[in-house]
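All remarks here apply to the structure that follows.
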Amino acid sequence: MEPILKGRNLVKRYGKVTALDSCDFDLMPGEILAVIGDNGAGKSTLIKTISGAVIPDAGSIYIEGKEVKFTSPIQARAHGIETVYQTLAMSPALSIADNMFMGREIKKEGFMGTIFRQLDRKKMETLAREKLTELGLMTIQNINQAVETLSGGQRQGVAVARAAAFGSKVIILDEPTAALGVKESRKVLELIQDVKARGIPIILISHNMPHVFEVADRIHIHRLGKRLCVIDPKDYTMSDAVAFMTGAKEPPSEAVAA
Amino acid sequence: MADAQDYEKLATSNAQTVAQFADDDRGFVGRLQHRLHLTPSLVPLIVLVLAIIVFGILLGSKFFSPFALTLILQQVAIVGIVGAAQSLVILTAGIDLSVGAIMVLSSVVMGQFTFRYGLPVEVAVACGLLCGTLCGFINGWLVAVMKLPPFIVTLGMWQIILATNFLYSANETIRSQEIATEAPLLQFFGTTLTIGADEAGRGGANFTYGVIFLVALVLALTYVLRETAWGRHVYAVGDDPDAAELSGVRVKRTLISVYMLSGLICAFAGWALIGRIGSVSPTSGQLANIESITAVVIGGISLFGGRGSVLGMLFGALIVGVFTLGLRLLGADAQWTYLLIGLLIIAAVAVDQWIRRVSN
Ligand SMILES: Nc1ncnc2c1ncn2[C@@H]1O[C@H](COP(=O)(O)OP(=O)(O)O)[C@@H](O)[C@H]1O
Ligand SMILES: [Mg+2]
């Protein structure tokens, strides 16, 4: 089967630091692929090359077999790739609705939209409220409240809702449950399953092994800037995975080839 | 416009707030902080209204007359227009020290193109507006593409533009009378609408076209900043440029467009300046950059970017105007004005810090 998303020999250097060192990457249609690895292994850099936020120094990225060269996140979004960044990428002083529609605002119909370029706030607010309610993350009273007045968990919920609402081809989640409590994490895991049921593949970066083993179809283990191996969570235990990722244990040879 | 609605909401919610004041002191302070957070122009509006009331009581009809109050508007018109340009830049977490220089150079271009080259005055005005926009573009390009700090870029451009202004104009003033007879369009913004003057033509409310332009500009910018995608992007870029970029905002393009619009508005200020002083003078408007920053800060726009409104800047400029005229009519030493303005600046920044602390 052809991967929906494929990376080959991706390289990214920051001065003397090699964040990505000839890294390969494959995402299959409809799957949940977990990416695990130590802090600083290069996971965030890898997904940023896919989302257009970082331009790799070398290597190629293919979507459904066709090579793409993204130079900005806008281009990746136009291909239906939505990303929840580790930093969440939200404007704290702006409202939830403003943030959800940042960069893809809806204009009013008629001459107020075409000539005066007025935004259709009502429509954006309604859609934003709908999306948050769908996620069950709607403990937020006011869609117009500034994002900085939300708790860490609520902010993460909004960021995930934004990605889930607009992603049509691939959804990338970089540590989406890091700031969440048990109940909120549950919601996000359910959401991930929902998105998968819609047939949309997901890349999930997480440090939470129980979460990873619960939802992942395959696990990409990242070490020192490259893919060390890919394992099936049914064949290995959590402590095996941690041992591979920290270098305490050699990866299985058949998994390295995969 | 939309801010006015917020004030109304405040007025209607006051009843409940006061009722809970006794048993929930913290809650009241918290709500106040929240309200100020939503509407940062509320503080300067209150200060402005209080200042007008106090000077009105102290000075009576000498101050509280249509003539004196509209005189304040005329005196703040130039600073207000430049302040609008400054507001846009400061909302992106930048600063523009070259606004005054752009204003003067643009006015000199309008004057010299008419009188030295004999171009039709409409063409000369258009060239002046273009000149301001171009200066803004250079600022924007250096900030957005070369990633140089706005403070340094505009400090340098301030010197460069001012020197260009003196070299090009040969330090030559174009006299008011010459302009009035040969190119009255240059003095367009000095045209005065008088309402309710006495038979001798004294007193009454005087609105120059410059004042009307200022009000229209502030309303238009308020609309654009609140109601269009570009306006939202300006706030997002000022708030957190990295987050804005990741959310699909074209940060460079937004920044360059902000500096260009700022330059264009400064050029309009240059045109209005000719109307105000009558002549084209390369030595005028030297304090515009400091005065515009003062109006912006007192108006509650955060120097850290992403917070505040152009309406607040207008209130800030008016506060300075009210203090200046009020203290002069009281016969106080002009230094008292500067002292009070200084206090207001520091108080405004302290309030901004307080509001920001609350939100976290
Ligand atoms: N913008 C950057 N500038 C400099 N170094 C960076 C930058 N982004 C990441 N790095 C470095 O690249 C390496 C990989 O980082 P990252 O991809 O964030 O790892 P992970 O997400 O796996 O924790 C780290 O050593 C980090 O310090
Ligand atoms: Mg990371």
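Every number in this text was worked out from the coordinates using simple rules, so none of it is lab data. Please read all numbers here as calculations on a predicted model, not as lab measurements. Virtual Cβ from ideal backbone geometry, glycine too; neighbours counted across all protein chains shown.
The table below lists the values:
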item: Under 5 Å, built H, 5+ apart or other chain: amide partners of residue A:4; result: A:27, A:28
item: Among A:62, B:351, A:17 the positive-end extreme of the charge dipole of the protein assembly as shown (Cβ point charges); result: A:62
item: Calculated over the protein assembly as shown: convex hull of Cα atoms, volume per residue (Å³); result: 198 Å³
item: Largest-first principal axis extents, alpha carbons of chain B, Å; result: 73, 60, 35
item: Those lysines that a straight Cα-Cα span of less than 22 Å connects to residue A:183, excepting residues fewer than 8 apart in one chain; result: A:131, A:196
item: Amide H contacts of residue B:208 (H built 1.01 Å from N, under 5 Å, at least 5 apart or other chain); result: B:193
item: Under Karplus coefficients 6.51, -1.76 and 1.60, residue-wise ³J(HN,Hα) of region B:116-121 in Hz, glycine/proline x; result: 7, 9, x, 6, x, 4
item: Estimated 222 nm signal from helices in chain B, with DSSP H stretches of n ≥ 4 weighted -39500 (n - 2.57), rounded to 500; result: -25000 deg cm²/dmol
item: Descending Cα extents along the principal axes, region A:88-134, whole Å; result: 34, 22, 14
item: For the protein assembly as shown, share of DSSP beta bridges that run antiparallel, in % to the nearest 5; result: 60 percent
item: ³J(HN,Hα) computed for each position of region B:277-282 - Karplus, 6.51 cos²θ - 1.76 cosθ + 1.60, integer Hz, glycine/proline x; result: 9, x, 9, 9, 10, x
item: Residue-wise HN-Hα coupling along region B:147-158, computed from phi with Karplus coefficients 6.51, -1.76, 1.60 (Hz; x: Gly, Pro); result: 6, 8, x, x, 4, 6, 4, 7, 5, x, 5, 3
item: Partner lysines for residue A:12 [C-alpha distance under 17 Å; skip if fewer than 8 residues away on the same chain]; result: A:43, A:48, A:69, A:226
item: Long-range HN-HN contacts of residue A:68 with modeled amide H, under 5 Å; result: A:61, A:62, A:63
item: Per-residue Cβ neighbour rank within 10 angstrom, fewest leading, B:105, B:71; result: B:71, B:105
item: Packing-based exposure ordering (other Cβ within 10 Å, fewest first) of B:135, B:266, A:23, B:127; result: B:127, A:23, B:135, B:266
item: Region B:60-198 - charge dipole about Cα centre, Lys and Arg +1 at Cβ, Asp and Glu -1, debye rounded to 20; result: 280 debye
item: More than 18 Å apart - percent of Cα-Cα pairs taken over region A:122-234; result: 53 percent
item: Which of B:27, B:265, B:43, positive extreme of dipole for the protein assembly as shown (C-beta unit charges); result: B:265
item: Ranked list, fewest to most other Cβ atoms within 10 Å of each Cβ, for B:235, A:62, A:85; result: A:62, B:235, A:85
item: With 5 Å bins from 0: P(r) over chain A, alpha-carbon pairs, percent; result: 1, 6, 13, 17, 18, 16, 12, 8, 5, 2, 1, 0, 0, 0
item: Average beta-carbon neighbours from other chains, 10 Å sphere, peptide A:118-125; result: 2
item: Partner chain coverage, peptide A:93-102 - average Cβ within 10 angstrom; result: 5
item: Average beta-carbon neighbours from other chains, 10 Å sphere, peptide A:148-154; result: 2
item: 222 nm mean residue ellipticity, helices alone, for chain A (DSSP H n ≥ 4; -39,500 (n - 2.57); rounded to 500); result: -10000 deg cm²/dmol
item: Student exercise, region B:253-360 dipole from Lys, Arg, Asp, Glu Cβ charges, in Debye to nearest 20; result: 280 debye
item: Region A:19-141: proportion of alpha-carbon pairs further apart than 17 angstrom, %; result: 69 percent
